Every structure is written in C-alpha cells, then in structure tokens.
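What follows is a single structure, written as structure tokens, with notes after it.
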Amino acid sequence: MSEIPAIHIRGLRKTYAGGLLALAGIDLDVQPGEFFGLLGPNGAGKSTLINILSGVVRRSSGTAEVFGFDVEREYRRSRQLLGVVPQELAYDPFFTVREFLRWQSGYFGLRHNDKWIDELMAEMDLASKADTNLRMLSGGMKRRVLIAQALVHRPPVVVLDEPTAGVDVELRQGLWRFIRRYNAEGHTVILTTHYLEEAEELCDRIAILQNGQVVALDQKEALLRRGSSHRILTVTFDRDPDGLPEVLTDLLLGSSEAVRTFRVSSGTHPLGDILKILQELPAEIIDLHLQEPRLEDAFTDILQQQRDDGD
Ligand SMILES: Nc1ncnc2c1ncn2[C@@H]1O[C@H](COP(=O)(O)OP(=O)(O)OP(=O)(O)O)[C@@H](O)[C@H]1O
Ligand SMILES: [Mg+2]
C-alpha cells in the first residue's frame with residue numbers, strides 16, 4: 001500500500017525577491033499513473049510550483065520530492081524522473097530541431113536515442129522541420145519541440161505547463177492522443193491548462209490553486225458535483241410561453257422569443273417536477289436540452305466562493 005508518490009509536496013512556500021508570496025504552503029501528492037490537473041487563474045502559482053519541481057526556481061521552504069528524491073538535494077535523480085514542457089522557453093538555442101533533441105538526450109546521458117527522437121518528431125509532426133533551426137520556427141512549432149524535448153528520456157512523470165497554448169487543433173488532438181497513450185503505459189501526467197474542457201476530458205484528479213494555495217483538490221467527478229450542482233435546461237416552445245408560473249420564473253436564466261433557459265438544482269427542484277409544470281403550460285414543448293455541469297462552472301463557483309470567504 002505504501003507506494004512512493006510520484007510527486008510529494010508538503011508546506012511548500014515561495015517568496016520571490018521583492019517579497020511577493022507566490023506559494024503560501026502547498027500540500028499535494030500525485031500518485032504514480034495519475035493524470036493530474038493543476039488549474040488556477042493567472043498568477044495563482046502553477047508555474048512556480050512546476051519550476052520548483054524541475055529545479056528552475058528555488059523554494060523558500062517546505063518539501064518537494066519526485067519519487068522520493070528531493071528536488072534540490074537530489075537534483076540529478078529527481079530531474080531524471082521528470083519531463084517538463086515549460087510555459088515559455090527562456091532562450092532560443094542555435095540548434096536545429098534534431099540537434100536540440102540530441103543535445104537534450106545527451107543531458108540525460110542518452111547517446112543512442114535517434115529512434116525515439118524520430119518517433120517523437122513524427123508524433124509531433126516535426127519530421128519536415130528536423131533540420132530547421134529553432135529560431136526559424138513559428139510559435140506553435142516551437143511548442144511542439146518543447147513537448148518533444150520533455151519526453152526524450154521517457155520520464156516516468158511528465159509535467160505540461162500550458163502545452164496547447166497557441167497550438168492548432170490538429171496538433172492538439174494528436175498531442176492528447178499521444179499523452180493519453182503515454183499515461184496508459186503507466187506514466188504520470190501533470191497538466192496545467194486554461195482550457196478547462198481539456199482538463200475535464202483528460203484528468204482523473206484536479207487541484208485548483210489560487211493565491212498560492214490549494215483551494216480545491218478532488219476527483220474530477222466530485223468537483224463537478226460539488227462546484228455546480230445545477231444543470232441548465234433549455235426549452236423551446238412552439239410560441240412565446242408568456243406568463244410562466246412563479247416557481248419557474250425563480251429558475252429562469254434567460255429568454256428569447258420561444259426559448260427559455262432554466263437553472264435546475266436537483267436538490268430543490270427535481271427535474272420531474274419542472275417537466276410536469278412545463279407540460280401544463282398552454283405553449284407546446286418542441287425541444288428540450290439538458291446541459292450537464294461543466295468543469296468551467298465548478299471552477300468559477302469555487303474561485304468565487306474563495307473570494308467571498310476572503311471578504
Ligand atoms: N521570477 C519572478 N519574480 C518575481 N515574481 C514572480 C516571478 N515569477 C512569477 N512571479 C509572480 O508569482 C506569482 C505566481 O506566478 P506563476 O507564474 O507561478 O503563476 P501561474 O499560475 O503560472 O500563472 P499563469 O496562469 O499566468 O501562467 C505571480 O504573482 C507572478 O507575478
Ligand atoms: Mg504559468
């Protein structure tokens with residue numbers, strides 16, 4: 001039972017020079033094989049956390065380990081286990097794509113890695129750019145290279161900091177297919193993204209960061225239930241159903257001509273009751289659509305709640 005977590009973080013704090021508190025005491029474990037989402041608004045501290053794991057940023061205090069190896073005291077061991085797609089490339093090396101991937105392989109002590117490099121370039125649709133200098137690549141192409149470089153040493157843990165920002169639809173789909181397969185092979189994946197529908201589709205468990213603190217940490221399904229217990233019901237009538245009963249106007253979110261949208265909370269207003277009332281109206285129902293809670297709603301609710309509690 002006592003499996004070593006892929007990522008183990010306790011009381012992690014970071015104060016940047018100048019006094020800005022970016023991480024205010026983070027506790028977090030990610031288990032081997034998880035597809036984990038690290039979400040939060042701009043400036044929440046996601047990249048700071050990731051950069052501490054990869055040794056780019058020094059923590060102020062607390063514990064941060066990759067498979068039990070401390071990210072500073074045992075840097076080489078922990079770094080070897082980690083592949084990181086950084087949010088930004090700090091510099092543009094004067095390398096072609098292939099040279100860069102070989103150089104990165106060399107950093108991890110891999111001298112004969114061309115087969116895997118070719119496979120990565122093919123997956124990222126970079127094969128035609130293999131001999132192009134990194135400085136000549138478009139933004140989206142560069143991001144593909146960043147994704148490939150994170151994986152050159154087949155790390156057991158991959159951390160992707162906004163991997164799909166500025167990436168076209170086709171590559172995004174290809175990337176997720178690839179990362180899903182990598183995860184299905186037993187590797188741990190940690191994903192940061194502002195595209196919440198991506199997190200909703202991919203992640204098993206999600207942490208939400210705000211002001212350097214974990215404000216929610218749960219299975220995706222639990223977050224969806226907790227954040228937004230309501231669903232959105234859209235009803236199209238054959239004509240304007242004016243004069244809705246009060247019980248329905250209380251739930252009304254919007255109306256335009258013959259269409260009405262309602263917020264349905266299963267606790268207070270069971271869907272069955274609402275449908276009965278709708279059917280008794282003089283206007284005929286011609287279409288019904290029920291929108292399940294989305295991660296985006298849960299996310300906004302949780303952040304709003306935190307702000308209210310802070311006031
Ligand atoms: N090198 C730095 N020096 C000083 N402050 C920094 C530095 N890097 C980040 N910060 C500050 O730390 C806080 C957390 O930033 P961080 O980049 O970790 O947020 P993030 O959650 O990754 O945001 P985003 O979604 O915009 O990428 C922000 O207030 C940011 O301004
Ligand atoms: Mg960031």
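The values are calculated or read from the model by the stated rules, or taken from the named source; none is laboratory data. Everything numeric here is computed off the predicted structure, so don't read it as measured data. When we count neighbours, we look across all protein chains shown, and the Cβ atoms used for this are built from the backbone with ideal geometry, even at glycine.
When the stretch 204-221 is examined, which residues are found to be assigned to a strand (DSSP E or B), buried (at least 16 other Cβ atoms within 10 Å of the Cβ) and not hydrophobic (A, V, I, L, M, F, W, C)?
ARG205, GLN210, GLN213, ASP218
Quick one: count up the residues across the stretch 58-90 that are free of Cβ contacts under 8 Å to residues at least 40 places away in the same chain, surrounded by 15 or more Cβ atoms within 10 Å (Cβ to Cβ) and within 16 Å of ligand 1 (Cβ to nearest atom).
Going through the stretch 58-90 one residue at a time, the tally reaches 1.
Could you tell me whether ALA258 is surrounded by 14 or more Cβ atoms within 10 Å (Cβ to Cβ), under 30 Å from TRP176 (Cα atoms), among the small types (Gly, Ala, Ser) and touching a strand residue (DSSP E or B) at 6+ places or on another chain (Cβ under 6 Å)? Please lay out each step first, then the result.
Values: surrounded by 14 or more Cβ atoms within 10 Å (Cβ to Cβ): yes; under 30 Å from TRP176 (Cα atoms): no; among the small types (Gly, Ala, Ser): yes; touching a strand residue (DSSP E or B) at 6+ places or on another chain (Cβ under 6 Å): yes.
For ALA258, the condition - surrounded by 14 or more Cβ atoms within 10 Å (Cβ to Cβ), under 30 Å from TRP176 (Cα atoms), among the small types (Gly, Ala, Ser) and touching a strand residue (DSSP E or B) at 6+ places or on another chain (Cβ under 6 Å) - is not met.
Identify the single condition in (1) out of contact with any Gly (no Cβ under 8 Å at 6 or more places or on another chain); (2) part of a loop (DSSP other than H, G, I, E, B); (3) more than 30 Å from ASP301 (Cα to Cα) that ILE4 does not satisfy, given that it satisfies every other one.
In the conditions (1) out of contact with any Gly (no Cβ under 8 Å at 6 or more places or on another chain); (2) part of a loop (DSSP other than H, G, I, E, B); (3) more than 30 Å from ASP301 (Cα to Cα), ILE4 misses (1) alone.
Report yes if PRO156 is touching a Ser or Thr at 6+ places or on another chain (Cβ under 7 Å) and either surrounded by 15 or more Cβ atoms within 10 Å (Cβ to Cβ) or closer than 18 Å to PRO86 by Cα (or both), otherwise no.
yes
Within the group GLY19, GLY55, GLY25, which residue is part of a loop (DSSP other than H, G, I, E, B), surrounded by 14 or more Cβ atoms within 10 Å (Cβ to Cβ) and either modelled with pLDDT under 95 or more than 9 Å from ligand 1 (Cβ to nearest atom) (or both)? First the steps, then the outcome.
On the way: GLY19 fails: surrounded by 14 or more Cβ atoms within 10 Å (Cβ to Cβ); GLY25 fails: part of a loop (DSSP other than H, G, I, E, B).
Every option except GLY55 fails the conditions.
Evaluate the following for GLU198: is it under 14 Å from PHE36 (Cβ atoms) and acidic (Asp, Glu)?
Values: under 14 Å from PHE36 (Cβ atoms): yes; acidic (Asp, Glu): yes.
So GLU198 fits the description; yes.
Does SER138 satisfy the criteria of being closer than 23 Å to ALA22 by Cα and exposed (fewer than 13 other Cβ atoms within 10 Å of the Cβ)?
Here the answer is no, as SER138 does not meet what is asked.
Answer yes if at least one residue in the stretch 114-127 is more than 25 Å from ASP29 (Cα to Cα), in contact (Cβ under 8 Å) with a residue 24 or more places away in the chain and small (Gly, Ala, Ser), and no otherwise.
No.
Name the pairs whose Cβ atoms lie under 8 Å apart, with the first residue in the stretch 256-285 and under 28 Å from ARG225 (Cβ atoms), the second of a type in the set (Gly, Ala, Ser) and surrounded by 12 or more Cβ atoms within 10 Å (Cβ to Cβ), and 6 or more positions between them or separate chains?
THR261/SER255; SER265/SER229; SER266/SER229; GLY267/SER229
Does ASP238 satisfy the condition of being more than 24 Å from GLN305 (Cβ to Cβ) and exposed (fewer than 13 other Cβ atoms within 10 Å of the Cβ)?
yes
Only one of ARG231, ARG225 is more than 25 Å from GLU162 (Cα to Cα), part of a helix (DSSP H, G or I), touching a residue at least 60 places away in the same chain (Cβ under 8 Å) and away from ligand 1 (no atom under 16 Å from the Cβ); which? I'd like the intermediate steps shown before the answer.
Numbers: ARG231 fails: part of a helix (DSSP H, G or I).
Of ARG231, ARG225, the one residue that is more than 25 Å from GLU162 (Cα to Cα), part of a helix (DSSP H, G or I), touching a residue at least 60 places away in the same chain (Cβ under 8 Å) and away from ligand 1 (no atom under 16 Å from the Cβ) is ARG225.
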